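Okay, structure first, notes after.
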Amino acid sequence: MTSSTLTPLPLAASAPAAAHAVFRLMRGLKHGTLNIQLPDGGTLNFGTAEGTELRAAIRLRNWNPCAAALKSGDIGFAESFIAGDWSTPDLTALLTLFIANRDEVESVIYGSWWGSLLYRAKHLFNRNSRRGSAKNIHAHYDLGNAFYRLWLDPTMNYSSAWFEGDHAGDLVQAQWAKVRRALTECGVQPGDRVLEIGCGWGAL
């Protein structure tokens, strides 16, 4: 069975400009099928009609995700998910489809010349010059320890844990396993002095 490209139905004129821009770019999806349920009750389908097992769906509760994606890219889209602006029955399938269509999805975020220009400008102003680094450090670390305690383990390790293949294991033990592995890989011996930057709050 050969695959064919889906042709989405026209979007209602009452939809915001951001939605029209996003869905116009989404027509470029080449792998899998994406079904989008719209806030007004309509449905759009993008991708290939046949010959694929890669299928995902999104339900938009409002139009905010479209503007968020154009304004803040993947971060904006993720934040709109946290806010409850959209949902999906299978987040893994959706992310898999986005990864398979990485170039096309990036065009949604940075596809227009002004979107690309805005993205580059934001990174230019946030670049790690001496002044920019100070600004980025303050924005990152001035959140306070209480914030990090909400989601880090008791060791306050800020880098990835090492589960040794057991992803259902305990996070604390996995963090200590990471520390032991790091010390072993570096050949650290009793009596050595270690300068650690970026792993967390000193557990290493």
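Rundown of residues vs (1) assigned to a helix (DSSP H, G or I); (2) aromatic (Phe, Trp, Tyr); (3) under 20 Å from ALA203 (Cβ atoms); (4) at pLDDT 90 or above, yes/no style:
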{"site": "ASN128", "(1), (2), (3), (4)": "no, no, no, no"}
{"site": "ALA134", "(1), (2), (3), (4)": "yes, no, no, no"}
{"site": "LEU143", "(1), (2), (3), (4)": "no, no, yes, no"}
{"site": "TYR148", "(1), (2), (3), (4)": "yes, yes, yes, no"}
{"site": "TRP162", "(1), (2), (3), (4)": "no, yes, yes, yes"}
{"site": "GLY165", "(1), (2), (3), (4)": "no, no, no, no"}
{"site": "VAL172", "(1), (2), (3), (4)": "yes, no, yes, yes"}
{"site": "ALA177", "(1), (2), (3), (4)": "yes, no, yes, yes"}
{"site": "ALA182", "(1), (2), (3), (4)": "yes, no, yes, yes"}
ALA21 meets each of (1) among the aliphatic types (A, V, I, L, M); (2) over 20 Å from the mean Cα position of the chain (by Cα); (3) surrounded by fewer than 18 Cβ atoms within 10 Å (Cβ to Cβ) with one exception, condition (3)
Filtering region 175-193 for residues that are surrounded by 10 or more Cβ atoms within 10 Å (Cβ to Cβ) and either closer than 18 Å to LEU152 by Cα or over 28 Å from the mean Cα position of the chain (by Cα) (or both) leaves a count of 10
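The values are calculated or read from the model by the stated rules, or taken from the named source; none is laboratory data. Fair warning: this is a prediction, and the values are worked out from it, not measured in the lab. As a convention, Cβ positions derive from the backbone with ideal geometry for all residues, glycine included, and neighbour counts pool all protein chains shown.
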